[in-house]
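Okay, structure first, notes after.
The values are calculated or read from the model by the stated rules, or taken from the named source; none is laboratory data. This is a predicted model, so every value here is computed, not measured. In this analysis, Cβ positions are derived from the backbone assuming ideal geometry, glycine residues included, and neighbour counts consider all displayed protein chains. For the accessible areas, the whole protein counts, side chains as well, though only heavy atoms, and no ligand, DNA or RNA atoms are used. Shrake-Rupley method; radii C 1.70, N 1.55, O 1.52, S 1.80 Å.
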Amino acid sequence: MPANYDDNNIFAKILRVEIPCHKIYEDAETLAFMDIMPRSEGHCLVIPKRPARNTLDADPASLAAVMASVQKVARAAKKAFAADGVTLAQYNESAAGQVVFHLHFHIMPRFEGVKLAHHGGPVADHALLAAQAEKIRAAL
Ligand code: AMP
(Lines give C-alpha, C1' and ligand atoms only; values in the text may rest on other atoms or scores of the structure.)
Protein backbone atom coordinates (compact mmCIF):
# COMPACT_ATOMS: atom_id res chain seq x y z
CA MET A 1 0.00 0.00 0.00
CA PRO A 2 1.49 3.41 -0.94
CA ALA A 3 2.38 5.47 2.14
CA ASN A 4 0.18 8.37 1.05
CA TYR A 5 -2.89 6.17 0.46
CA ASP A 6 -5.69 6.00 3.06
CA ASP A 7 -7.42 2.64 2.71
CA ASN A 8 -10.55 4.00 4.43
CA ASN A 9 -11.56 6.33 1.60
CA ILE A 10 -15.04 5.79 0.16
CA PHE A 11 -13.88 4.37 -3.17
CA ALA A 12 -11.64 1.81 -1.43
CA LYS A 13 -14.79 0.74 0.44
CA ILE A 14 -16.70 0.48 -2.85
CA LEU A 15 -13.89 -1.69 -4.28
CA ARG A 16 -14.08 -3.97 -1.20
CA VAL A 17 -17.90 -4.05 -1.68
CA GLU A 18 -18.35 -2.69 1.84
CA ILE A 19 -20.65 -0.03 0.43
CA PRO A 20 -22.78 -0.31 -2.72
CA CYS A 21 -22.41 1.46 -6.04
CA HIS A 22 -24.37 1.63 -9.28
CA LYS A 23 -21.88 -0.34 -11.34
CA ILE A 24 -21.50 0.28 -15.08
CA TYR A 25 -18.36 -1.60 -16.07
CA GLU A 26 -15.60 -3.65 -14.50
CA ASP A 27 -12.44 -5.36 -15.72
CA ALA A 28 -9.29 -6.68 -14.03
CA GLU A 29 -7.84 -3.20 -13.48
CA THR A 30 -10.77 -0.76 -13.35
CA LEU A 31 -14.30 -0.11 -12.11
CA ALA A 32 -16.87 2.40 -13.43
CA PHE A 33 -19.96 3.49 -11.50
CA MET A 34 -22.41 6.37 -11.19
CA ASP A 35 -21.44 9.50 -9.26
CA ILE A 36 -24.13 9.85 -6.56
CA MET A 37 -24.00 13.67 -6.70
CA PRO A 38 -24.21 14.11 -10.46
CA ARG A 39 -23.16 17.35 -12.11
CA SER A 40 -24.80 16.32 -15.40
CA GLU A 41 -27.20 13.64 -16.58
CA GLY A 42 -25.20 10.40 -16.67
CA HIS A 43 -22.24 11.68 -14.60
CA CYS A 44 -20.10 8.66 -13.76
CA LEU A 45 -16.64 7.79 -12.47
CA VAL A 46 -13.83 5.42 -13.47
CA ILE A 47 -11.31 4.26 -10.88
CA PRO A 48 -8.32 1.90 -10.88
CA LYS A 49 -8.52 -1.18 -8.65
CA ARG A 50 -4.89 -0.69 -7.63
CA PRO A 51 -4.54 1.85 -4.81
CA ALA A 52 -3.48 5.31 -5.99
CA ARG A 53 -4.18 8.63 -4.33
CA ASN A 54 -4.41 10.46 -7.66
CA THR A 55 -2.68 10.77 -11.04
CA LEU A 56 0.54 12.02 -9.45
CA ASP A 57 1.36 8.71 -7.72
CA ALA A 58 -0.49 6.23 -9.96
CA ASP A 59 1.35 3.35 -11.54
CA PRO A 60 1.57 4.19 -15.29
CA ALA A 61 0.17 0.80 -16.33
CA SER A 62 -2.80 1.27 -14.01
CA LEU A 63 -3.31 4.81 -15.33
CA ALA A 64 -3.27 3.50 -18.91
CA ALA A 65 -5.91 0.90 -18.00
CA VAL A 66 -8.05 3.62 -16.41
CA MET A 67 -7.84 5.78 -19.53
CA ALA A 68 -8.89 2.88 -21.75
CA SER A 69 -11.96 2.40 -19.54
CA VAL A 70 -12.61 6.15 -19.48
CA GLN A 71 -12.75 6.14 -23.28
CA LYS A 72 -15.01 3.09 -23.37
CA VAL A 73 -17.45 4.43 -20.77
CA ALA A 74 -17.39 8.01 -22.15
CA ARG A 75 -18.39 6.72 -25.59
CA ALA A 76 -21.19 4.63 -24.05
CA ALA A 77 -22.44 7.49 -21.86
CA LYS A 78 -22.51 9.89 -24.82
CA LYS A 79 -24.50 7.36 -26.83
CA ALA A 80 -26.83 6.38 -23.95
CA PHE A 81 -27.97 9.95 -23.32
CA ALA A 82 -27.61 11.22 -26.90
CA ALA A 83 -25.25 13.85 -25.46
CA ASP A 84 -23.65 16.59 -27.58
CA GLY A 85 -20.29 16.20 -25.84
CA VAL A 86 -18.51 14.77 -22.79
CA THR A 87 -16.44 16.60 -20.18
CA LEU A 88 -13.70 14.62 -18.41
CA ALA A 89 -12.35 15.91 -15.09
CA GLN A 90 -9.79 14.69 -12.59
CA TYR A 91 -8.48 16.55 -9.52
CA ASN A 92 -5.15 16.12 -7.74
CA GLU A 93 -5.02 17.18 -4.04
CA SER A 94 -7.38 19.46 -2.10
CA ALA A 95 -6.02 22.64 -3.65
CA ALA A 96 -7.14 21.29 -7.02
CA GLY A 97 -10.60 20.27 -5.77
CA GLN A 98 -9.95 16.62 -4.87
CA VAL A 99 -12.28 15.36 -2.13
CA VAL A 100 -11.95 11.56 -2.36
CA PHE A 101 -8.35 10.40 -2.25
CA HIS A 102 -8.52 7.39 -4.56
CA LEU A 103 -7.76 8.26 -8.19
CA HIS A 104 -10.91 8.80 -10.24
CA PHE A 105 -11.90 10.33 -13.54
CA HIS A 106 -15.24 12.08 -13.90
CA ILE A 107 -17.21 11.45 -17.10
CA MET A 108 -19.91 14.08 -17.58
CA PRO A 109 -22.16 13.93 -20.66
CA ARG A 110 -22.85 17.47 -21.90
CA PHE A 111 -25.79 19.03 -23.71
CA GLU A 112 -25.77 22.25 -25.74
CA GLY A 113 -26.69 25.18 -23.51
CA VAL A 114 -26.80 23.15 -20.23
CA LYS A 115 -24.29 24.15 -17.53
CA LEU A 116 -22.74 21.70 -15.08
CA ALA A 117 -24.42 21.54 -11.66
CA HIS A 118 -22.32 22.38 -8.58
CA HIS A 119 -19.61 20.00 -7.40
CA GLY A 120 -20.96 18.31 -4.24
CA GLY A 121 -24.62 18.98 -4.99
CA PRO A 122 -27.54 16.84 -3.72
CA VAL A 123 -27.46 13.04 -3.76
CA ALA A 124 -29.55 11.78 -6.69
CA ASP A 125 -32.46 9.38 -6.43
CA HIS A 126 -31.03 5.85 -6.32
CA ALA A 127 -33.65 4.39 -8.64
CA LEU A 128 -32.72 7.04 -11.20
CA LEU A 129 -28.98 6.28 -10.82
CA ALA A 130 -29.68 2.56 -11.22
CA ALA A 131 -31.66 3.22 -14.41
CA GLN A 132 -28.90 5.47 -15.78
CA ALA A 133 -26.21 2.85 -15.02
CA GLU A 134 -28.31 0.29 -16.89
CA LYS A 135 -28.65 2.66 -19.84
CA ILE A 136 -24.88 3.20 -20.07
CA ARG A 137 -24.23 -0.55 -19.67
CA ALA A 138 -26.58 -1.23 -22.56
CA ALA A 139 -24.58 1.20 -24.75
CA LEU A 140 -21.15 -0.31 -23.94
P1 AMP B 1 -13.55 14.81 -6.21
O2 AMP B 1 -12.60 14.08 -5.30
O3 AMP B 1 -13.51 16.29 -6.04
O4 AMP B 1 -13.39 14.42 -7.65
O5 AMP B 1 -15.03 14.44 -5.78
C6 AMP B 1 -15.43 13.15 -5.43
C7 AMP B 1 -16.63 12.75 -6.23
O8 AMP B 1 -17.08 11.52 -5.70
C9 AMP B 1 -17.82 13.73 -6.17
O10 AMP B 1 -18.25 14.00 -7.50
C11 AMP B 1 -18.87 12.97 -5.37
O12 AMP B 1 -20.17 13.26 -5.81
C13 AMP B 1 -18.49 11.53 -5.64
N14 AMP B 1 -18.88 10.58 -4.60
C15 AMP B 1 -18.72 10.71 -3.27
N16 AMP B 1 -19.16 9.61 -2.62
C17 AMP B 1 -19.60 8.76 -3.58
C18 AMP B 1 -20.18 7.45 -3.55
N19 AMP B 1 -20.39 6.80 -2.42
N20 AMP B 1 -20.51 6.88 -4.74
C21 AMP B 1 -20.32 7.53 -5.90
N22 AMP B 1 -19.78 8.75 -5.99
C23 AMP B 1 -19.42 9.38 -4.85
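Quick one: pull the percentage of alpha-carbon pairs in the stretch 72-123 with a separation above 14 Å.
Numbers: 789 of 1326 pairs.
Taking all Cα-Cα pairs of the stretch 72-123, the fraction more than 14 Å apart is 60 percent.
Taking R0 as 35 Å, what's the FRET efficiency between residue 61 and residue 119 from their Cβ-Cβ distance, rounded to 0.05?
Using R0 = 35 Å, I get an efficiency of 0.75.
Calculate the all-directions average of the projected area of the stretch 6-51's alpha-carbon convex hull, and give it in nm².
Result: a mean projected hull area of 3.3 nm².
So what's the Cα pair-distance distribution over the stretch 15-77, bin width 5 Å, in %?
Per 5 Å bin, starting at 0, the Cα pair percentages come out as 4, 18, 28, 25, 19, 7, 0.
So what's the gap between the Cα centers of the stretch 67-140 and the stretch 11-60, to the nearest angstrom?
First find each Cα centre; the distance between them is then 11 Å.
Over all alpha-carbon pairs of the stretch 1-135, lay out the pair-distance distribution in 10 Å bins, whole %, shortest bin first.
Histogram of Cα-Cα distances, whole percents per bin: 13, 45, 35, 7, 0.
What percent does the relative contact order of the chain come to when contacts are Cα pairs within less than 8 Å and at least six residues apart?
After rounding, I find 31 percent.
Whenever you get a sec, compute what percent of the accessible area on the chain sits on carbon and sulfur atoms (1.4 Å probe).
Here it works out to 58 percent.
Please arrange 39, 137, 75 by accessible surface area, largest first, computed with a 1.4 Å probe and ligands excluded.
If we order 39, 137, 75 from most to least accessible, we get 75, 137, 39.
FRET efficiency for residue 127 and residue 49, Cβ-Cβ distance as r, R0 = 30 Å, nearest 0.05?
Efficiency, rounded to the nearest 0.05: 0.65.
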